[in-house]
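Report on the following structure.
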Amino acid sequence: MKVSEVSDALGLKQLNAPDEDREVTGGYSGDLLSWVIGRAAPGDAWMTIMSNVNVAAVGLLADVSMIILAEGVEPDEPLLQKAALNGIGLYSSPMGAYELSWRLKGLLEK
Amino acid sequence: MSAAIHLSYKVDGSDFTGAGTASAAIKRILREIGVDMDTIRRCAICMYEGEINMVIHANGGTADVYIDTEGVKMVLKDNGPGIADVEQAMQEGFSTAKEGVRDLGFGAGMGLPNMKKYSDEMLIDTEVGKGTKVTLIVRFPKGGGDGA
């Protein structure tokens, strides 16, 4: 399923959407960055409540397909800038990571 | 190891904003020379964890990267406090990071374990009060990654 389809189905707010055709192959939820970088798989949609600039670096290096900021958290300005500079898909949602996760799983299993 | 490519980076220890600069550069270069995605990811993770460790614990340091036809060698050096108990530091979940660092999402105690997990060889040379040198080797898969 494409990033754009996940975004539409979950009603996400687009913060930076450079590659909406990229395939979302799974999901990962977590806020400890070293944990995420070591465990998230390439192509995953990553759900987190972290909103600082390091989220962009971790997303880029872990090669996730999109980052979804959960619980309606607002990204720091440096995060927005780094996401734009590096072509990282950044979205947000008022839903929590748990709800986003099970909805995403439902979408990916369709 | 006589390397075809040698890259050198200074890791700024003043804030977390620049952490990831060296690892992103390595990732880009490895991609340009045709290295496979899995190897790139492993190198990038090792470098990033190294950068973060140097920012959190050692007020910065240097990262030297050597690439040849066999693989990638990363040498991360700092003049920080050193590691008193390497065996303890290697345990998942053990961290001496301060509260403010944890609020940023770091200090999970996964840095060194991740470096070990994603490298083929890891050597820690450390002395309390002097600093730490971590050498990491990531080999290209046999029959592939010979784009250089």
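The values are calculated or read from the model by the stated rules, or taken from the named source; none is laboratory data. Computed from a prediction, not measured in an experiment: that's the story for all the values here. Reconstructed Cβ throughout: ideal geometry from the backbone, glycine too, with neighbour counts over all protein chains shown.
Results, tabulated for the structure shown:
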quantity: Residue list for the range B:1-36, filter: surrounded by 24 or more Cβ atoms within 10 Å (Cβ to Cβ) and part of a helix (DSSP H, G or I); calculated: B:ALA22, B:SER23, B:ILE26, B:LEU30
quantity: Odd one out for B:HIS57, checked against (1) modelled with pLDDT of 95 or more; (2) within 14 Å of chain A (Cβ to nearest Cβ); calculated: (1)
quantity: Hits in the range A:31-47 (condition: under 15 Å from A:LEU90 (Cα atoms) and not acidic (Asp, Glu)); calculated: A:GLY43, A:ALA45, A:TRP46, A:MET47
quantity: Residue in the range B:65-76 that is crowded, with 22+ Cβ neighbours inside 10 Å and of a type in the set (D, E, K, R) present; calculated: no
quantity: Residue that is surrounded by the fewest Cβ atoms within 10 Å (Cβ to Cβ), among those in the range B:37-64 that are polar (S, T, N, Q) and within 19 Å of B:MET122 (Cα to Cα); calculated: B:THR62
quantity: Residue within the range B:37-52 that is over 15 Å from the mean Cα position of the chain (by Cα) and in a loop (DSSP other than H, G, I, E, B) present; calculated: no
quantity: From B:LYS27, B:LYS116, B:LYS130, residue being within 14 Å of chain A (Cβ to nearest Cβ) and modelled with pLDDT of 95 or more; calculated: B:LYS116
quantity: Top-ranked residue of the range A:35-69 - restricted to ones that are outside any strand (DSSP E or B) and β-branched (Val, Ile, Thr), ranked as farthest from the other protein chains (Cβ to nearest Cβ); calculated: A:VAL64
quantity: Selection status of A:GLY30, within 13 Å of another protein chain (Cβ to nearest Cβ), more than 16 Å from A:VAL55 (Cβ to Cβ), modelled with pLDDT of 95 or more and surrounded by 15 or more Cβ atoms within 10 Å (Cβ to Cβ); calculated: no
quantity: Search result, residues across the range A:56-105 that are in contact with a helix residue (DSSP H, G or I) (Cβ under 8 Å, 6 or more places away or on another chain), among the polar types (S, T, N, Q) and closer than 13 Å to A:LEU10 by Cβ; calculated: A:SER93
